[in-house]
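The values are calculated or read from the model by the stated rules, or taken from the named source; none is laboratory data. The model shown is predicted, which means the values in this text are computed figures rather than measured ones. Note that we place each Cβ from the backbone using ideal geometry, even for glycine, and neighbour counts take in every protein chain shown.
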Amino acid sequence: MRENMNAHRSFLHISIFAGFILNLVAGVTGPPSGGQARKKPSAEKSVFGKTKDGTVIDLFTLKNARGTTAKIIAYGATLQGLWVADKGGKLGDVVLGFDDLEGYLGPHPYFGGTIGRVGNRIAKGKFTLDGKEYSIALNNGPNSLHGGTEGFNRKVWKGEIVQRRHAASVRLSYISPDGEEGFPGTLKVTITYTLTDENELKINYTASSDEATPVTAC
């Protein structure tokens, strides 16, 4: 959705809500194992690793009252782990990813990462917006894929824990400068991961730009 305010200022606002229902197997929706009292949801920050230039990458661990646990790293605003119980109550990680930062720094098929500015391919790395043609970085043969050479999944995001009742949550933000990967406009992006006591992992995306620009979130 794009709203042009005037010739000098335009905004693009996008708000996408994605909910992943995790309580699909028997036992996940039941009480904690062993008859233990239900715990409060929690969100904690720790260090996942450091990039080659010494930048510290934070790890945010969200845990709900049932023991379901989501782990998000600031590198790429990536869902690094999602531990849910099977029908016997045994927890297991159900997402593909790496146990250390080195795996994410190397080549991989976008495991758990945030895709942007634009998901999927842009043919020949060119698009026209408001009568102007733009050329963006090519990284998939003659095309641009998932944001270009260094998309959002390769950026270091800033994270902060969000206090909520009956849920554990973290908000991550990144500012993509005008001209990054060839895209116009400075784009401010936030992603909020929320793990509820109902065993839902909710992901909310918002973005705003100071001029017209293409953007999708996934």
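At a glance:
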{"read-out": "Residue count for the range 23-50, restricted to those that are surrounded by fewer than 14 Cβ atoms within 10 Å (Cβ to Cβ), more than 19 Å from L195 (Cα to Cα) and at pLDDT 95 or above", "value": "2"}
{"read-out": "Residues being over 21 Å from G147 (Cα atoms) and of a type in the set (F, W, Y) - total across the range 160-214", "value": "1"}
{"read-out": "Leading residue by the ranking (modelled with the lowest pLDDT) among those in the range 66-84 that are within 13 Å of T196 (Cα to Cα) and surrounded by fewer than 21 Cβ atoms within 10 Å (Cβ to Cβ)", "value": "G67"}
{"read-out": "Any hit, the range 132-143, residues being at pLDDT below 95, in contact with an Asp or Glu (Cβ under 9 Å, 6 or more places away or on another chain) and either surrounded by 19 or more Cβ atoms within 10 Å (Cβ to Cβ) or acidic (D, E) (or both)", "value": "yes"}
{"read-out": "Matching strands (runs of 3 or more DSSP E) fully within the range 145-218 where at least 3 residues are without any contact (Cβ under 8 Å) to a residue 24 or more places away in the chain", "value": "167-176"}
{"read-out": "Count of the range 88-135 residues which are out of contact with any helix residue (DSSP H, G or I) (no Cβ under 7 Å at 6 or more places or on another chain), among the β-branched types (V, I, T) and part of a loop (DSSP other than H, G, I, E, B)", "value": "3"}
